[in-house]
Amino acid sequence: MNASLFSRLFDDLGDPGRLAIEMPDRRRITYGDLIAFSGRLANILVARGVKPGDRVAVQVEKSVPNLALYLATLRAGAVYLPLNPAYTLSELGYFITDAEPSLVVCDPSKAEGIKSLAAKVGAGVETLGAGGEGSLTEAAMAAEPDFTTVARAKDDLAAILYTSGTTGRSKGAMLTHDNLASNASSLVDFWRFTDRDALIHALPIYHTHGLFVATNVTLLARASMIFLPKFDPGLVIELMTRATVLMGVPTFYTRLLQNPALTHESTSHMRLFISGSAPLLADTHREWSARTGHAILERYGMTETGMNTSNPYDGDRVPGAVGLPLPGVSVRVTDPETGTELPRETIGMIEVKGPNLFKGYWRLPEKTRAEFRDDGFFITGDIGKMDEKNYVHILGRGADLVISGGLNVYPKEVESEIDALPGVVESAVIGVPHPDLGEGVTAVVVRGKDAEISEARVLDALKDRLAKFKIPKRVIFIDELPRNAMGKVQKNVLRDSHAGLYKTSQP
Ligand code: MLC
Ligand code: AMP
């Protein structure tokens, strides 16, 4: 049997005329259309020299052609490597050098800059714009739709997704065909997806949540999705009258709650609201239940592991808890120092094991080994506990990671950029509670004597260096950073003293 994710998704296709994707303007794309489109693109990938195991790096806006390119890459036996369109050219250089793709697909407006980066690793460049225009689709239109999906073993790579490292640079998490297929299959069952479902797809498709959870689950169930270029609360509420499921980060839910059109009635056609990628406040969960009569189902996952736990479909969806281990996934809580398993209700490091666990970090065997226990459990870096009923509760993070609107920001990366600015002595970047984004990236900066540097100047200097979501919402100047006896910056002290910073801010 071909263990390619593509084959696992589509081998028993059934009716090719079944609806796969609906656009907001009601344009319809059937399963047959999507598969044919992926076949044309796979033929072009092969014609451009992409071989099984090669990386195809894709920095393209969310679109149906981009989704078809993901499927085409799987079909060609290559490795899909999505990159946030917000990344600046200076951030992209690292990913391209590290991953050494054989092809880079980018927006036509970025082709010029990317060509010189790609040339360094001998990669070709094709373009694909937000509206589907570009050299890739042009060539695909003239290509054959038939393509024999390249055979892959379970353990072969399907995708690499970069996760920012707590120290040093981003690490490429290598995900296999079986990681993705087994997780999708388990979620279809757990969340009771069927071909009668219509998912409102408003997440980006360069991350696990929007790409694997939302898309693979929908396609495997032969359900359909309404594909929005980005999250728009008013439109999402309108679409609820003909959809059945919404998947979102907590910011989706807090923004939807601000819209008076969200009511019992406007959500009555929906069967399921799922939240993940960042903590959903228990208050948001309760407010949602009161407003709509639906209990949000919260689940917990990571780029490296796919989904690990989920609140149950039937049974208690507990506010503030991320639910039960998914079938086939083992979860334990350990002493972070010794790795010894801790009893129920005791707080420690969350560790997971199962067919969902990634294969390792791209070309970083040492870092990979450091994050696994000898018995194969992966050390998530999330701090939490398991209660007597086996529900997992996340209570913190081991590292200083900030999650802003569901996107991870590693303080060190932002601090390094700020510290390099003239007039800055040092900086500490922290996450501060933010009513819209969950946490707001905040820089606390010590400036040199007589230095002229201001908040506006710091923000302006970061503009071309960092993607927008990493840029601090505020820069605060203080005389010195608080330190403990060991000389380590006490970020908890900074977080406490600035906890009220965004209390009055609006989205
Ligand atoms: C956009 N901006 C952000 C931001 N997203 N700033 C901080 N944090 C974010 N997440 C910037 C914009 O560039 C803009 O800058 C300004 O902030 C306000 O923009 P906006 O219009 O409010 O942003 P919007 O486009 O609406 O995006 C917000 C969002 C989006 C929350 C809808 O970020 C989003 O879709 N997040 C989901 C991320 C996700 O899929 N995470 C899953 C990771 S997988 P300016 O200067 O132009 O005003 C994972 C594993 C798992 O974690 O378990 O799922
Ligand atoms: P990423 O590296 O982008 O995949 O982010 C994974 C991290 O997001 C996890 O390690 C958690 O810290 C966090 N996360 C995901 N889902 C949840 C959730 N439901 N509640 C709290 N944190 C979450």
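A few comments on the model shown:
- Over segment 122-167, the fraction of Cα-Cα pairs per 5 Å bin, rounded to whole percents and listed from the shortest bin up, is 5, 12, 12, 14, 22, 19, 10, 4, 2, 0.
- Segment 317-426: C-alpha gyration tensor shape, a/c 1.5 cut-off, then a/b vs b/c: prolate
- Counting only the Cα atoms, the chain fills a convex hull of 152 Å³ per residue.
- Once you reduce segment 324-366 and segment 207-256 to the center of their Cα atoms, the two points are 29 Å from each other.
- Mean Cα-pair separation over length for segment 57-145, i.e. relative contact order, pairs under 8 Å, 6 or more apart, %: 31
- Cα gyration tensor shape for segment 405-507, rounded if a/c is under 1.5, else prolate or oblate: oblate
- In the chain, the DSSP beta bridges split such that about 60 percent are antiparallel, to the nearest 5.
- Two-site label geometry, LEU281 and PHE469: point separation in nm, points 7 Å out along Cα→Cβ: 2.0
- Cα centroid separation, segment 78-92 to segment 274-311 (Å): 28
- Mean Cα-pair separation over length for segment 270-387, i.e. relative contact order, pairs under 8 Å, 6 or more apart, %: 19
- FRET efficiency for HIS269 and ASN390, using Cβ-Cβ distance with R0 set to 35 Å, rounded to 0.05: 0.60
- Straightening the chain between VAL121 and MET141 buys 4.4 nm, computed as 0.36 nm per residue apart minus the Cα-Cα spacing.
- Think of it as helices only: each DSSP H run of n ≥ 4 in the chain is worth -39500 (n - 2.57), and spread over all residues that comes to -7500 deg cm²/dmol at 222 nm.
- The Cα atoms of segment 1-107 give a gyration tensor whose axes a ≥ b ≥ c have a/c of 1.5 or more with a/b no greater than b/c, which makes the shape oblate.
FYI, it's all coordinate maths here, none of it is from the lab. Computed from a predicted structure; not experimentally measured. Heads up, the Cβs are rebuilt from the backbone with ideal geometry, glycines too, and the neighbour counts pull from every protein chain shown.
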